[in-house]
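The values are calculated or read from the model by the stated rules, or taken from the named source; none is laboratory data. Being a predicted model, the structure only gives us computed values, none of them experimental. Cβ placement follows ideal geometry from the backbone for every residue including glycine, while neighbour counts extend to all protein chains displayed.
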Amino acid sequence: MKIRPLGDRVLVEPLDDAAEVKKGGIIIPDSAKEKPQEGKVISVGTGKIDDDGKKIPFNVKPGDKVLMPKYGGTEVKIDNKTYQLMREEDILAVIE
């Protein structure tokens, strides 16, 4: 399925470093794990319009690795994959 965010929104796929963490033989459930803060930009929206009617260009592009807030954006599931849909201004940094 293809998805194209609207406005200044960005679709980010969280990068999950540890699929399952075990400490002392105890399996930590998904609800207790920390959310990943790194992600890969999958697609960007059409762009934000300023007060003069001009389109503001994005600072990120598809394929960029970004740092995002732990609890920012909206979690969406597409084809059994979890993504974060957030505004570009909520992205903290681009990882180079």
Open item on the list: Go through the range 38-96 and report how many residues are touching a Gly at 6+ places or on another chain (Cβ under 7 Å), farther than 18 Å from Asp16 by Cα and polar (S, T, N, Q).
Closed with: 1
Open item on the list: Of all residues being among the charged types (D, E, K, R) and modelled with pLDDT of 90 or more in the range 60-80, which is nearest to Gly39 (Cα to Cα)? Just the residue, please.
Closed with: Lys65
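So that you can scan it fast, the table gives a plain yes or no per residue for (1) loosely packed, with under 12 Cβ neighbours inside 10 Å; (2) under 9 Å from the mean Cα position of the chain (by Cα); (3) of a type in the set (A, V, I, L, M):
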site: Lys48; (1), (2), (3): no, no, no
site: Gly53; (1), (2), (3): yes, no, no
site: Gln84; (1), (2), (3): no, yes, no
site: Asp90; (1), (2), (3): no, no, no
TODO: Could you list all residues from the range 78-96 that are closer than 17 Å to Arg4 by Cβ and either outside any loop (DSSP other than H, G, I, E, B) or basic (Lys, Arg) (or both)?
DONE: Ile78, Lys81, Tyr83, Gln84, Leu85, Met86, Arg87, Glu88
Task: Restricting the range 1-46 to residues that are within 15 Å of the chain's Cα centre (by Cα) and polar (S, T, N, Q), the residue that is modelled with the lowest pLDDT - done: Gln37
Open item on the list: Every residue in the range 55-75 that is under 10 Å from the mean Cα position of the chain (by Cα), surrounded by fewer than 16 Cβ atoms within 10 Å (Cβ to Cβ) and in a strand (DSSP E or B), please.
Closed with: Lys65, Leu67, Thr74, Glu75
